[in-house]
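Input: a single structure, listed below in structure tokens.
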Amino acid sequence: MGSANAIVNTAAGDAAAAAPGFGLNSIVLIVLFIGVFYFIAIRPQSKQVNEKRAMLSDIRPGDDVVTIGGIHGVVVQVNEDEDDDEAIVLRVAPEVEIKFLKAAVQNITNRDWREGFPQFQKKGMFVRKGDKR
């Protein structure tokens with residue numbers, strides 16, 4: 001019986017020594033995971049939100065725009081009243097005008113709105129020399 005207890009105690013001691021604890025390696029791994037998640041998911045999304053906000057603030061009459069519903073039109077009027085929910089009026093056909101929220105605009109098609117916002121201009125090795133973006 002004594003040798004059986006010695007074997008059980010030795011096995012229990014080995015298991016306790018082999019069990020990893022919540023040490024520095026685990027903390028580093030968690031911090032690394034959070035950092036990778038930030039650069040893959042959160043940062044690009046926040047850049048897109050800021051870019052969209054800048055584009056919407058630069059809409060002016062005469063711009064050709066496309067809405068999120070796919071409607072193409074020319075901006076006739078921009079209302080920036082708080083009670084009007086920052087609405088714009090689009091001419092979609094002769095004598096046909098539709099009122100939209102500014103947030104419904106997906107893209108400005110007749111000009112590069114980024115020219116007034118240098119932080120959103122395209123940079124890097126994949127931009128062609130003649131490309132103004």
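Applied to region 23-37, the Karplus parametrisation 6.51 cos²θ - 1.76 cosθ + 1.60 on θ = phi - 60° returns per-residue 3J(HN,Hα) values of x, 4, 4, 5, 5, 4, 5, 5, 4, 5, 4, 5, x, 5, 4 Hz, with x for Gly and Pro.
For region 66-78, 3J(HN,Hα) computed residue by residue from phi via the Karplus equation (6.51, -1.76, 1.60; θ = phi - 60°) reads 10, 8, 5, x, x, 7, 9, x, 10, 5, 9, 8, 10 Hz, glycine and proline entered as x.
A Förster radius of 30 Å, combined with the Cβ-Cβ distance separating ASN25 from GLN45, puts the computed FRET efficiency at roughly 0.50.
No value in this document is a laboratory result; all are computed from the given coordinates. Since this is a predicted model, take the numbers as computed values, not measurements. Virtual Cβ from ideal backbone geometry, glycine too; neighbours counted across all protein chains shown.
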